[in-house]
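Asker: This is the structure I want to talk about, given as structure tokens.
The values are calculated or read from the model by the stated rules, or taken from the named source; none is laboratory data. All values derive from a computational prediction rather than experimental measurement. Cβ atoms come from the backbone with ideal geometry, glycine included; neighbour counts cover every protein chain shown. In case anyone asks, the SASA skips ligands and DNA or RNA and just uses the protein heavy atoms, side chains included. Shrake-Rupley method; radii C 1.70, N 1.55, O 1.52, S 1.80 Å.
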Amino acid sequence: FHFLFFCFFMANAQTASIKNADKKYDDYAYADAIKAYEKLVEKGFRDEKVFQRLANSYYNIGELKEALKYYQELFILNENQEAEYIYKYAQCLKSEGNYTKADEILEKFSKKAPLDKRAVLFLKNRNYLEDIKSNSGRFDIADAGINSKDSDYGSTILGNQLIFTSARDTGSIVKKNFKWTNKAISTLYAVDLNPDGSIG
């Protein structure tokens, strides 16, 4: 009797943990969902949906190295995945420089979703690495001196200023975090542009 009660209790606890993680995922609170799903995985829970959502959560917050780890686990569990998982898996492989494997996965993606614009683009541009190589070296990339360790993006020039968006932590007393990533909410910033093009 005690053993059956213990099994019942453990099954209910696991179900509650999955529901909790799923709620965070469904609410786009990916950073919190990651913590909840990883606790399940650490306890040895190997469920296809958990790996799908854990990999997607990492993908959605831009941590592609971690996403790749869980997409690989997912495809070990079941190689026959929906097209979107296949595509994201290929993108993670590219981010790690594994272009050969990424192209193999993109071939599967284009067979699974032949009308998807991304599949059509891949099939039209199979030699994309050659195109990248031939266009490389035309520009020098340098640190602008204003980048942060957080997400800096969406720049434009307005008059003599560079306007950009950043999720940097400014150290203000009132902190608002974006539940998607648990990072500071993005804010617009402006810096002066000097006549020579450098940043003031």
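Asker: Please give the charge dipole size of the chain, origin at the Cα centre, charges +1 on K and R Cβ atoms and -1 on D and E Cβ atoms. Round to the nearest 20 debye.
Answerer: The calculation lands at about 480 debye.
Asker: By how many nm would the segment from GLN72 to ASN194 lengthen if fully extended, with 0.36 nm per residue of separation less the alpha-carbon distance? It would help to have the intermediate numbers written out before the result.
Answerer: Details: separation 122, 0.36 × 122 = 43.92 nm, distance 4.75 nm.
Result for the pair: 39.2 nm of gain on full extension.
Asker: Next up: Please work out which option in [x] 1.08; [y] 0.99; [z] 1.10 gives Rg/Rh (Cα atoms, Kirkwood Rh) calculated from these coordinates, and answer with its label.
Answerer: Of the listed options [x] 1.08; [y] 0.99; [z] 1.10, [x] comes from this structure.
Asker: For the chain, what does the accessible surface come to per residue with a 1.4 Å probe? Please give it in Å².
Answerer: Here the per-residue accessible area is 68 Å².
Asker: Beyond a 31 Å Cα-Cα separation, which of these cross-linked pairs lie in this structure: LYS65/LYS111; LYS69/LYS112; LYS23/LYS124; LYS111/LYS149?
Answerer: In this structure, LYS23/LYS124; LYS111/LYS149 lie more than 31 Å apart at Cα.
Asker: Follow-up. Per DSSP H run of n ≥ 4, the term is -39500 (n - 2.57); total these for the chain, divide by its residue number, and report the mean residue ellipticity at 222 nm rounded to 500 deg cm²/dmol.
Answerer: Roughly -17500 deg cm²/dmol at 222 nm, from the helical runs in the chain.
Asker: Could you state how much accessible area SER155 has, in square angstrom rounded to the nearest 10, with a 1.4 Å probe and all protein chains kept in place?
Answerer: It works out to around 80 Å².
Asker: Summarise the accessible area of segment 46-200 (1.4 Å probe, protein heavy atoms) by the percent that is carbon and sulfur.
Answerer: The computed percentage sits at 52.
Asker: On C-alpha positions alone, give me the angle between the axis of helix 99-112 and the longest principal axis of the chain, in degrees, nearest 10.
Answerer: 70
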